[in-house]
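The values are calculated or read from the model by the stated rules, or taken from the named source; none is laboratory data. Computed from a prediction, not measured in an experiment: that's the story for all the values here. Ideal geometry is used to build each Cβ from the backbone, glycine not excepted, and the neighbour counts take in all protein chains shown.
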Amino acid sequence: MSRRVPDFLTMFDRLLASPSVSCTEPEWDQGNRGVCELLAEWLQALGFRCEIQQMPSRADKVNLIAVLGEGPGGLVLSGHTDTVPFDEKLWQMNPFGLTVRDERLYGLGATDMKGFFPVAIEAALAFRGARLREPLILVATADEESSMDGANQLVAAGKPRARHAVVGEPTDLRPVRMHKGMMMEAITVTGHSGHSSNPALGRNALEGMQQVMADLLAFRDELAARHRNPLFEVEVPTLNLGCIHGGDNPNRICGECELHFDLRPLPGMDLEDLREVIRARLGRIAGQTGLGITMRPLFPGLHPFAEDAAAPVVRAAEEFTGYSAGNVAFATESPLLQRLGMQTVVMGPGSIRQAHQPNEYMEQFQVEPMVTVLQKMIQRFCVDGLS
């Protein structure tokens, strides 16, 4: 039977060759429509019904929902199509194309995570023409690396609907059922500029920010004292002061300063509760100093992810890989798929140690085992229709 799609390495190469960097900095930010249209072309040739779902903000940013079969249950294989920015000077090969060297598949997004899609398609090939009791659904999202807008758009649209999902982030083929959440917030301190020779002529926003930073670090210690999960390598919530910008000249009192920070809560911690506590603490500092202090989210935030250890999709992933489901420090779109009603596990080829790095690669020896695991998942949840 003819494949009707390109061979594995050709698919891998063509996906890498379609640039899809997403970034909060406009000069880097690109669309992902080209990647999703390639995937739609191949999946339609295999009998999938494909829907391109456009983001409200830009015509060149889209999600793809591809469905094989009918019914309300089934299995979603999900991944994001965007990559992070890159430093071309540090790459020893073309980032936008596949280089096969020393049994490694190199390219920007090879492991995080364009490379998951050829693996998923290879797995799906075995079921072309098969009778599915429940549908097989492939989902490809936009902007996971910058805003989670793609996955949030799925939630807003209320689709796809399925019982089970595999998010193919790089986990070295080991199932993951928990990760921390993610908040990225900006705090702006507004004072009053003036001549530096007389502090009474202004209110220094940088000095106010120093108090804000000290309070955030104290809050970090309080969180670590109150919240702990020994299943994680870093057992406590983390708070990182990431970047700061303020002032314009040494001889002027700083009139405005902005800090960006990152907070990674454990499962069971609520993002809005954390924001409310931080805003209250900032309000006290504002009252003491007379400075204006505001906080805004840099993106809506991602809730922590925790799937029931007894969930069928988790048990199946453990059975087919031979590994117990664990946890990771990085965030994924899994909590948003859970909001659509899916029991979810994170599991994919490649290592997170290679993600966001120059000369990113996937180990070639992981491809065939991952295809086999996905075929077993499809057999169980789509062909056999088990729940």
Original post:
Restricting attention to region 320-329, which residues are over 28 Å from Leu263 (Cα atoms), in contact (Cβ under 8 Å) with a residue 24 or more places away in the chain and surrounded by fewer than 17 Cβ atoms within 10 Å (Cβ to Cβ)?
Top reply: Tyr323
**OP:** List every residue pair whose Cβ atoms sit under 6 Å apart, with the two residues 6 or more apart in sequence or on different chains, where the first one lies in region 49-61 and is over 16 Å from Asn152 (Cα atoms) and without any contact (Cβ under 8 Å) to a residue 24 or more places away in the chain and the second, anywhere, is outside any loop (DSSP other than H, G, I, E, B) and of a type in the set (Gly, Ala, Ser).
**Re:** Cys50/Ala40; Cys50/Ala66
Original post:
Looking at (1) β-branched (Val, Ile, Thr); (2) out of contact with any Asp or Glu (no Cβ under 7 Å at 6 or more places or on another chain); (3) under 21 Å from Pro300 (Cα atoms), can you tell me which one Val236 breaks?
Top reply: (3)
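Of all residues in region 37-68, which are among the aliphatic types (A, V, I, L, M), within 19 Å of Arg3 (Cβ to Cβ) and assigned to a loop (DSSP other than H, G, I, E, B)? I'd like the intermediate steps shown before the answer.
So in region 37-68, the residues among the aliphatic types (A, V, I, L, M) come out as 38-40, 43, 45-46, 52, 55, 59, 62, 64-68.
Then drop every residue that is not within 19 Å of Arg3 (Cβ to Cβ), which leaves 38-40, 43, 45-46, 66, 68.
Hit for region 37-68 is Leu46, nothing else.
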**OP:** Residue by residue through region 44-67, note down the ones that are hydrophobic (A, V, I, L, M, F, W, C), closer than 14 Å to Ala151 by Cα and surrounded by fewer than 19 Cβ atoms within 10 Å (Cβ to Cβ).
**Re:** Ile52
Original post:
Going through region 153-172 one residue at a time, which ones are part of a helix (DSSP H, G or I), of a type outside the set (Val, Ile, Thr) and either surrounded by fewer than 20 Cβ atoms within 10 Å (Cβ to Cβ) or not assigned by TED's automatic domain parsing to the domain that holds Gln366 (or both)?
Top reply: Ala156, Ala157
Original post:
If we scan region 358-370, do we find a residue that is within 21 Å of His164 (Cβ to Cβ) and assigned by TED's automatic domain parsing to the domain that holds Thr141?
Top reply: yes
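Select from region 1-36 the residues that are part of a helix (DSSP H, G or I) and either without any contact (Cβ under 8 Å) to a residue 60 or more places away in the chain or more than 21 Å from Leu98 (Cα to Cα) (or both) and list them in ascending order. Talk me through it step by step, then tell me what you get.
Taking region 1-36 first, the residues part of a helix (DSSP H, G or I) are 8-16, 33-36.
Across region 1-36, the qualifying residues are Thr10, Arg14, Arg33, Gly34.
Only strands (runs of 3 or more DSSP E) wholly contained in region 76-149 count here; list those with 2 or more residues that are free of Cβ contacts under 8 Å to residues at least 40 places away in the same chain. Working first, answer last.
Values: elements: 99-101, 104-106, 136-141.
Of the strands (runs of 3 or more DSSP E) lying wholly inside region 76-149, those with at least 2 residues that are free of Cβ contacts under 8 Å to residues at least 40 places away in the same chain span 99-101.
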Original post:
In the list Thr332, Thr344, which residue meets the criterion of being touching a Ser or Thr at 6+ places or on another chain (Cβ under 6 Å), crowded, with 20+ Cβ neighbours inside 10 Å and in contact (Cβ under 8 Å) with a residue 60 or more places away in the chain?
Top reply: Thr344
Subject >> Evaluation of Leu231 against (1) in contact (Cβ under 8 Å) with a residue 60 or more places away in the chain; (2) buried (at least 18 other Cβ atoms within 10 Å of the Cβ); (3) within 24 Å of the chain's Cα centre (by Cα) (one fails), failing number >> reply: (2)
Subject >> Test for Gly208: is it in contact (Cβ under 8 Å) with a residue 12 or more places away in the chain, surrounded by fewer than 12 Cβ atoms within 10 Å (Cβ to Cβ) and within 12 Å of Val189 (Cα to Cα) >> reply: no
Original post:
If you scan region 342-387, which residues turn out to be in contact with a helix residue (DSSP H, G or I) (Cβ under 8 Å, 6 or more places away or on another chain), at pLDDT 95 or above and among the small types (Gly, Ala, Ser)?
Top reply: Gly348, Gly350
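Just to check your reading of the model, which residue among Glu41, Glu25 is in the same structural domain as Val84 (by TED's automatic domain parsing), among the charged types (D, E, K, R) and modelled with pLDDT of 95 or more?
Details: Glu25 fails: modelled with pLDDT of 95 or more.
Exactly one residue qualifies, and that residue is Glu41.
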Original post:
Which residue, of Glu276, Glu222, is more than 30 Å from Gly341 (Cβ to Cβ) and either more than 27 Å from the chain's Cα centre (by Cα) or surrounded by fewer than 16 Cβ atoms within 10 Å (Cβ to Cβ) (or both)?
Top reply: Glu222
Original post:
Taking region 238-269 only, how many residues are touching a Gly at 6+ places or on another chain (Cβ under 9 Å) and either surrounded by fewer than 17 Cβ atoms within 10 Å (Cβ to Cβ) or of a type outside the set (Lys, Arg) (or both)?
Top reply: 19
